[in-house]
Every structure is written in C-alpha cells, then in structure tokens.
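Novice: Below you will find the structure I want to go over with you.
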Amino acid sequence: MANWKVTLLRPDEEHGFSSFQDGVFLLFFFPGWWFLMSYKDYIKWERMPSTWCPGCGIGIVLKYAAMAIDELKIPKEDVVVVSGIGCSGRSAGYFDVESLHGLHGRALAMAEGVKRGNRKLKVVVISGDGDLLGIGGNHLLHTSRRNVEMCVICINNEIYGMTGGQMSPTTKKGTVTLTSPEGSPYNPVNAQGLITSNKDHFYARSSVFHLNHLKKSIQEGISRGGFSFIEVISYCIENNGRRLGFKDAPEMLDLIRKNYKVNPSPAGKLGDLELGIVKT
Amino acid sequence: MEAEKKKIGGPLTWIKGYCKLCSICVYICPAKDLMIKGNEIVSLGKCTKCQLCEKFCPDFAIEVEK
Ligand SMILES: Cc1ncc(C[n+]2csc(CCOP(=O)(O)OP(=O)(O)O)c2C)c(N)n1
Ligand code: SF4
Ligand SMILES: [Mg+2]
C-alpha cells in the first residue's frame, strides 16, 4: 500500500509525504491524500539511526506510538509529543511533530501546560519510569487526579537506564542493580494502584513483545478523552541485562514472553505478571 | 541523509544504515530465514512474508514487500 502510493505519485520520495509543498501538491490533485499517510510520516528520518543501544525496546515503542497516532488519523499539526529526561526521554526528538524535551521529571507539568494552552491538541507523553514515577511522581499524582486529557506512555525498564543502571522506584524487591548489590530492599511503587485509585481512570500494562496489545492500548489511551497511563515493560539490555540473566535483545524479549501473559478482560485489577487494560 | 539499503533476496530489503545488528529479526523469524554473517544480515530464501521482522525491528532496518 505504502509502496504503491509512493511510486504512483512521486517515484523519488522515500518515506511518503511530509513537507508543506507535498501537502499542497497532494491536496490539490487528490483531496483524500491524508488517508494514505503512513506511520513513517511521523518520524524524523534524518535523525536515524537512534542513539539507543542495539535492540532496546524503546525503538519499538517509538514505532508503535507513531503507528497508533497514524491509524487514528490525527493530523501532524494536532499532535504534541512530550518527554522528560532519560533514554526513554529521547523519544520526543524522533517524532516529526511538535515536541518538547524538558527538565527531568517535569514531562507531565509541561504536557498539562500545552493542553491547557490549546485544548485542540492531542498530547502524548513518552518517558521513563524514573522520570514519571521517581522524580516526577508528584506530577503524576495530581495530573491523574485532575484527569487532564493526555496519553502517558511510561517505558518501564525497572531501572535508571541512562545514568548506568541505578535502582529506580519500580525495581522489584530483591533485584540486584548498580546501587543495590544485595538486592533491592524495598517494594516497588504500585503504579496501577496509584492510577486506579482515581475515580475516573485508564491504566494499561503492555510490553514490547505483545505488539498488537501495545498498539491497541496506545490507541485506546489517546482516544479516551481523559488521562490515560500505559506502562510498557521493556528491560534495559546494556545496564541490567547481565544482572537479570540475559545478554542480548532476543533473550530480553524471550524473558518478557515467558513472564507476562495478556489478560483480555481483567476484573478491576491486573495481577503482577499480567498485561491488560483497566478502565472506567 | 539517505540511509544505505540493500536487497537481500526475495521480498526483503535491509537498511544497512539503520541496522545495529541486535539480532531480534534472526530470533523472531518463524521460518528461520535470517542470519547474521559477519556484519551483514543475509536471507536464506525461506521468507514467507509474515512481516514479523519488520514489526519487531526497533530501528526500522528491515522491510518486507507485501
Ligand atoms: C534534576 C536531575 N537529576 C538527575 C539527573 C540525572 N538523570 C538523568 S537520566 C536519569 C534517570 C532516568 O531514568 P528513567 O526515567 O527510568 O529513564 P531510562 O533511562 O531508564 O529510560 C537521571 C537520574 C538529571 N538529568 N536531572
Ligand atoms: S541504556 Fe538501557 S534503556 Fe538505555 S538505550 Fe541502552 S538498553 Fe535501552
Ligand atoms: Mg527507566
């Protein structure tokens, strides 16, 4: 489909139509052109390859977020992607839409500002567990309580990836990390409990192995019309793989496949090793 | 900047300029069609066009013609 459109209309164009000129050209000759956009139009190809380590799941989330936005047919000018700091926080820079990459932990505050400034915009936040639940935990508490319309994708690798693998608020009890050589002594933060304690809530847990579920969760999250939180399981290969017992990306995916199962209709609450969507 | 591309047989195009050789495609292919040989991805001609490699690649580095 994508190939057909490209060869028919502009044989030299690689990744579909994105520039203003192309838009005018297409709109004039073929008013339904935006039905033929693909997720590739939402990505900044001149910045590729990304800086993430080989096989890191953040790239998969980037691709599926772009696909979800594309399939909902949201025009590029109506999407804003916001990120905090961290490996996951680099995602915003790879989207060819308006994006914001700000202070560590303040992704939700910036996103809420964008939304309140222009309510027409669809705001998507992509950031890490340390950014959203650690240093930015207070913002999560209140933005979710106020039910501000935005879709938050939290890439949960249970670690501070970018700074070398320190234990994060989501590190499971007993997990060995750089800063917990004898295993983390604390219980992890319960993101599901925090989000679902709000009367009106949308919480989803997905993974970089369960791709259809991931895309469906993001789509439902974006089109919900309120605050939605999607936790995506993706372990850090370089900084904690050796401590968790895998050495490369295929083994990481295999571990997720073995550990997590999708629960298509959870009754109010997801189990620790279940993926699914909990909403009101 | 245009990334370097290579047809690796059948419906497969490998985008060398984006590939980090993470080997997810080799693991995920149900037909065991892909292989890493030196610093290159090669196809053994068994592709069934299921597109799993394209779906799982985190770096947009492999494309399957439909
Ligand atoms: C105010 C502030 N404190 C600390 C840091 C250092 N720092 C950079 S990234 C990071 C952790 C990010 O972890 P996470 O959000 O989980 O992202 P990941 O790299 O795991 O994707 C920290 C602590 C910083 N940049 N700014
Ligand atoms: S350090 Fe970890 S989280 Fe960061 S890009 Fe590498 S594998 Fe991914
Ligand atoms: Mg993290």
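The values are calculated or read from the model by the stated rules, or taken from the named source; none is laboratory data. All figures in this text were calculated on a predicted structure; none of them were measured in a lab. For neighbour counting, all protein chains shown are included, and Cβ atoms are generated from backbone atoms with ideal geometry for every residue, glycine included.
Novice: Examine region A:256-266 for a residue that is away from chain B (no Cβ under 14 Å), assigned to a helix (DSSP H, G or I) and within 16 Å of ligand 1 (Cβ to nearest atom), and state whether such a residue exists.
Specialist: no
Novice: Is it the case that A:Gly183 is part of a loop (DSSP other than H, G, I, E, B), within 13 Å of ligand 3 (Cβ to nearest atom) and either within 14 Å of chain B (Cβ to nearest Cβ) or among the small types (Gly, Ala, Ser) (or both)?
Specialist: no
Novice: Mind counting the residues in region A:40-56 that are free of Cβ contacts under 8 Å to residues at least 24 places away in the same chain and farther than 26 Å from A:Tyr235 by Cβ?
Specialist: 1
Novice: Please work out which residue is modelled with the lowest pLDDT, limiting yourself to region A:31-43 and to residues that are surrounded by 14 or more Cβ atoms within 10 Å (Cβ to Cβ) and outside any helix (DSSP H, G or I).
Specialist: In this case the residue turns out to be A:Met37.
Novice: Considering every residue within region A:132-148, establish whether at least one is of a type in the set (Gly, Ala, Ser), near ligand 1 (Cβ under 8 Å from one of its atoms) and not in a helix (DSSP H, G or I).
Specialist: No, region A:132-148 contains no residue that is of a type in the set (Gly, Ala, Ser), near ligand 1 (Cβ under 8 Å from one of its atoms) and not in a helix (DSSP H, G or I).
Novice: Now for a separate question. Residues being more than 6 Å from ligand 1 (Cβ to nearest atom), of a type outside the set (Val, Ile, Thr) and surrounded by 17 or more Cβ atoms within 10 Å (Cβ to Cβ): count how many of those fall in region A:167-181. Spell out the reasoning first.
Specialist: Initial filter on region A:167-181 (more than 6 Å from ligand 1 (Cβ to nearest atom)): A:167, A:169-181.
Narrowing the set further to residues that are of a type outside the set (Val, Ile, Thr) leaves A:167, A:169, A:172-174, A:178, A:180-181.
From what is left, the residues that are surrounded by 17 or more Cβ atoms within 10 Å (Cβ to Cβ) are A:167, A:169, A:180.
Qualifying residue count for the region: 3.
Novice: Can you find a residue that is within 12 Å of ligand 3 (Cβ to nearest atom), assigned to a loop (DSSP other than H, G, I, E, B) and over 23 Å from A:Leu273 (Cα atoms) anywhere in region A:186-204?
Specialist: Among the residues of region A:186-204, not one is within 12 Å of ligand 3 (Cβ to nearest atom), assigned to a loop (DSSP other than H, G, I, E, B) and over 23 Å from A:Leu273 (Cα atoms), which makes the answer no.
Novice: Among the numbered criteria (1) over 16 Å from A:Cys154 (Cβ atoms); (2) more than 16 Å from ligand 1 (Cβ to nearest atom); (3) within 14 Å of another protein chain (Cβ to nearest Cβ); (4) not polar (S, T, N, Q), which single criterion is violated by A:Arg119?
Specialist: Of the numbered conditions (1) over 16 Å from A:Cys154 (Cβ atoms); (2) more than 16 Å from ligand 1 (Cβ to nearest atom); (3) within 14 Å of another protein chain (Cβ to nearest Cβ); (4) not polar (S, T, N, Q), the odd one out for A:Arg119 is (3).
Novice: Take the residues in region A:87-106 that are free of Cβ contacts under 8 Å to residues at least 40 places away in the same chain and among the hydrophobic types (A, V, I, L, M, F, W, C); name whichever of them is surrounded by the fewest Cβ atoms within 10 Å (Cβ to Cβ).
Specialist: Out of the qualifying residues, it is A:Leu103.
Novice: Considering only strands (runs of 3 or more DSSP E) fully contained in chain B, which possess at least 1 residues that are within 25 Å of A:Val208 (Cα to Cα)?
Specialist: Ranges flagged: B:12-15, B:34-37, B:40-43, B:62-64.
Novice: I need a count of the residues in region B:19-45 that are farther than 17 Å from A:Glu251 by Cβ and within 11 Å of chain A (Cβ to nearest Cβ).
Specialist: 1
Novice: For region A:120-131, does any single residue satisfy the condition of being closer than 20 Å to A:Val79 by Cβ, over 17 Å from the mean Cα position of the chain (by Cα) and away from ligand 2 (no atom under 16 Å from the Cβ)?
Specialist: yes
Novice: Now a separate question. Just to be sure I understand, how many residues within region A:67-95 are away from chain B (no Cβ under 14 Å), assigned to a helix (DSSP H, G or I) and within 16 Å of ligand 2 (Cβ to nearest atom)?
Specialist: Qualifying residue count for the region: 3.
Novice: Looking at (1) aromatic (Phe, Trp, Tyr); (2) out of contact with any Phe, Trp or Tyr (no Cβ under 7 Å at 6 or more places or on another chain); (3) crowded, with 24+ Cβ neighbours inside 10 Å, find the lone condition where A:Phe246 falls short.
Specialist: Of the numbered conditions (1) aromatic (Phe, Trp, Tyr); (2) out of contact with any Phe, Trp or Tyr (no Cβ under 7 Å at 6 or more places or on another chain); (3) crowded, with 24+ Cβ neighbours inside 10 Å, the odd one out for A:Phe246 is (3).
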